[in-house]
Structures are given as structure tokens and as C-alpha cells.
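Have a look at the structure below before the remarks.
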Amino acid sequence: MLIESGDAVATDFISIARPHRPAADRIRQALGTELAQLPDAATAGISGNLPEWVGFNLGLALTSARAADHAAPFPPTDLMYHTTGLQQDRDFAQHGADILTALSAASPKPLGEFTSILDFGVGVGRVARYYKGFSGRYVGADIDEPNLRWVAGHLPWVETVLTEPAAPLPFEPATFDGVVSISVFTHIDRETTEFYVDELYRLTRPGALLFLTLHGDQALNLALSDAEVGRLIGISPERLEQARGELANDGFHFAEQYTHLTRANYRYGTTFASQQGAEAIFGRRFKVVGFVPGAIHAFQDLIVLERP
């Protein structure tokens with residue numbers, strides 16, 4: 001009688017009363033999501049429409065297991081936290097999307113049109129994971145072997161290369177027409193910075209574009225005004241004030257810190273460079289074609305260079 005009156009739903013063996021229908025509706029909705037046709041961005045990746053590809057990664061790929069198969073996997077939590085301070089897949093995806101969007105906005109040409117890109121300091125693929133579908137060569141170089149091992153095993157479009165700190169990079173001259181380097185020049189001293197400027201000049205082609213992030217006045221001012229940011233950076237207020245003075249005079253300040261990346265020939269720490277200081281250092285070899293203060297989360301600056 002309940003079935004005939006419409007107050008229950010018939011199954012093979014039992015009838016389920018209406019109060020349970022919301023659960024059934026959720027199941028049907030989830031199945032509908034899984035069976036729905038995926039957008040073109042899911043298969044095109046970075047070679048397609050970039051905003052759609054980013055939107056897919058931040059939306060459907062986080063809610064549908066079937067869609068997630070068309071996006072890149074996420075690193076384990078320990079590697080994610082060790083490299084970025086993040087612990088949630090959604091936050092990691094958003095971070096990478098924010099960086100990619102900033103790079104795209106500053107680039108004179110679409111990111112998918114480069115033919116050979118060096119991700120200098122690839123980490124655990126925060127940016128590299130968005131290059132799925134790239135038609136060119138994508139090389140991820142890093143000095144941190146555990147991170148590189150994970151990238152090699154999970155992002156097959158990335159050619160991984162383990163490098164030695166402050167040593168020549170193992171690439172032939174004029175290999176790359178694009179370089180991305182996130183949070184590398186924010187942590188090395190002046191001598192090592194100058195060394196890598198020469199190395200990047202050597203291995204890029206004429207006309208190549210380079211996208212490098214820096215800590216500048218905006219990052220320093222935030223660290224001075226926000227105690228939590230200062231704590232996360234790990235530099236005392238007194239040292240930050242010293243950095244402010246050196247940025248005004250010399251345009252560069254390096255505060256050495258000891259981490260697992262510190263080597264006998266490789267000083268690691270936190271580096272600040274003003275726009276004027278950065279343009280002087282990188283302009284020695286490259287043409288500065290863009291500088292975006294606070295391009296990455298209103299914190300890191302982005303300098304865009306062109307190889308003459």
C-alpha cells in the first residue's frame with residue numbers, strides 16, 4: 001500500500017520510506033557528477049584554455065574522483081608541509097593556481113606556447129602539476145632529493161634533475177626558452193644569486209623569458225607589521241629593521257638561517273631585494289621586461305626577464 005501510494009520507494013527486496021530520500025538524492029547527485037561529461041579543459045590541460053584548466057583543478061577535480069584522474073595527484077602531507085607550510089590538498093591546489101595565474105598575467109605570451117621550460121626549484125610540483133598536457137619539454141630541477149623523487153614518480157610530464165647547490169646546472173647552453181623559479185632567489189645570498197644569474201643566462205636561448213619571485217619591500221613591510229608573518233619567516237624584529245636599512249642603501253639583504261638545505265658551500269636563509277636592487281642584479285645579464293610587486297599573495301614580488 002505504501003508503494004502504491006507513493007510514500008515509499010521500491011527496491012529489489014525492501015521498501016525505503018520517504019524520510020530516507022535525502023540520502024538517496026545525495027547519492028543520485030554524486031553519481032550524476034561522476035557520470036557527467038567532463039569539460040574539454042580536463043583533457044587539454046595547460047595547452048587549452050588556462051582559466052578553464054585552473055577552474056577545473058579548483059572545482060570538479062576536487063569533488064569528483066573521476067575528474068581527479070584528469071588532474072595531477074597531490075604530494076603526501078609531510079612533503080607538502082615541509083616545502084610550502086600547507087597541509088590540505090585544496091590549499092595546495094589554490095596556491096599553485098594563484099602562482100600560475102600571476103605568471104600568466106605577467107607573461108608576454110601564453111604559458112602553453114613555450115617549448116622548453118626549466119622549473120628551477122620545482123619542490124613538490126606546486127606549479128609543475130598544472131603543466132599536465134604541456135606539449136613541450138618541462139624540466140624540474142631541485143637540490144632536495146625526497147621532493148624530486150616524489151615528482152619523478154607522480155608527475156610523468158616532468159623531467160626531473162637533481163642538482164648540486166651553487167654548482168653549474170647540468171644543461172647544455174641555450175636549452176630553454178622559459179624559466180620559472182618560485183621561492184629560490186628568496187633564500188640565497190648575494191654571491192650565489194650572482195652565480196645563478198650567470199648560469200640561467202648560459203642555459204637560456206635569446207628571447208627566452210624568465211619568471212622569478214623575490215622578497216621585496218612589500219614582504220619586508222608585512223613581516224615588520226605582522227608579528228605572525230615575522231615569526232613564520234623566522235627573523236627577529238631587530239634583524240628585519242636591519243634589512244630595511246640595507247634595502248634602502250644597497251637594495252639587498254640576506255639573513256642566514258640553518259636548515260636541512262644548508263651546505264658547506266651553500267648558505268641558506270631569507271633574502272630581501274628591492275626593485276632597484278633586483279633590477280641591478282638581474283639586469284647585468286637580462287633585460288627587465290616586468291616587475292610586479294606583491295604578485296604572489298600580495299607578498300612575493302615577480303620579476304620578468306628576457307634573455308638578450
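The values are calculated or read from the model by the stated rules, or taken from the named source; none is laboratory data. The model shown is predicted, which means the values in this text are computed figures rather than measured ones. Using ideal geometry, Cβ is built from the backbone for each residue, glycine included, and neighbour counts are taken over all protein chains shown.
Within the stretch 250-261, residues that are at positive phi sit with their Cβ atoms under 8 Å from residues that are in a strand (DSSP E or B) and aliphatic (A, V, I, L, M), at 6+ positions apart or across chains, in these pairs: 251/273.
In the stretch 249-265, is there at least one residue being touching a Ser or Thr at 6+ places or on another chain (Cβ under 7 Å) and part of a helix (DSSP H, G or I)? For the stretch 249-265, residues touching a Ser or Thr at 6+ places or on another chain (Cβ under 7 Å) and part of a helix (DSSP H, G or I): absent.
In the stretch 113-121, the count of residues that are closer than 24 Å to residue 163 by Cβ, among the charged types (D, E, K, R), in contact (Cβ under 8 Å) with a residue 60 or more places away in the chain and surrounded by 14 or more Cβ atoms within 10 Å (Cβ to Cβ) is one or more. Just give me the residues in the stretch 168-180 being surrounded by fewer than 22 Cβ atoms within 10 Å (Cβ to Cβ) and not charged (D, E, K, R), in sequence order. Residues satisfying the conditions are 168, 169, 170, 171, 173, 174, 175. Evaluate the stretch 288-304: report whether one residue or more is closer than 18 Å to residue 194 by Cβ, out of contact with any helix residue (DSSP H, G or I) (no Cβ under 6 Å at 6 or more places or on another chain) and outside any helix (DSSP H, G or I). Scanning the stretch 288-304, I find no residue that is closer than 18 Å to residue 194 by Cβ, out of contact with any helix residue (DSSP H, G or I) (no Cβ under 6 Å at 6 or more places or on another chain) and outside any helix (DSSP H, G or I), so the answer is no.
Of all residues in the stretch 143-157, those satisfying the criterion of being without any contact (Cβ under 8 Å) to a residue 12 or more places away in the chain and either part of a helix (DSSP H, G or I) or closer than 26 Å to residue 266 by Cβ (or both) are 149, 152, 153.
Restricting attention to the stretch 247-261, and to residues there that are in contact with a Phe, Trp or Tyr (Cβ under 6 Å, 6 or more places away or on another chain) and within 16 Å of residue 144 (Cβ to Cβ), which single residue is surrounded by the fewest Cβ atoms within 10 Å (Cβ to Cβ)? That would be 259.
Could you please let me know if residue 171 is aromatic (Phe, Trp, Tyr) and touching a residue at least 40 places away in the same chain (Cβ under 8 Å)? Spelling it out, residue 171 is indeed aromatic (Phe, Trp, Tyr) and touching a residue at least 40 places away in the same chain (Cβ under 8 Å). Being of a type in the set (D, E, K, R) and crowded, with 18+ Cβ neighbours inside 10 Å is the filter here, so list the residues in the stretch 49-85 that pass it. None; the set is empty. Out of everything in the stretch 198-211 that is buried (at least 20 other Cβ atoms within 10 Å of the Cβ) and not small (Gly, Ala, Ser), what residue ends up being farthest from residue 294 (Cα to Cα)? Ranking the qualifying residues of the stretch 198-211, first place goes to 203. Restricted to the stretch 212-228, and to residues there that are touching a residue at least 24 places away in the same chain (Cβ under 8 Å) and either of a type outside the set (S, T, N, Q) or over 30 Å from residue 117 (Cβ atoms) (or both), the residue that is surrounded by the fewest Cβ atoms within 10 Å (Cβ to Cβ) is 222. Residue 235 fulfils the conditions (1) under 21 Å from the mean Cα position of the chain (by Cα); (2) hydrophobic (A, V, I, L, M, F, W, C); (3) part of a loop (DSSP other than H, G, I, E, B) except for a single criterion, (1). I'd like the full set of residues that are under 20 Å from residue 114 (Cβ atoms) and surrounded by fewer than 15 Cβ atoms within 10 Å (Cβ to Cβ), limited to the stretch 140-167. Once the filter is applied, which keeps residues that are under 20 Å from residue 114 (Cβ atoms) and surrounded by fewer than 15 Cβ atoms within 10 Å (Cβ to Cβ), the stretch 140-167 yields only 156. Does the stretch 43-63 contain at least one residue that is more than 22 Å from residue 127 (Cβ to Cβ) and at pLDDT 60 or above? Yes, the stretch 43-63 has at least one match.
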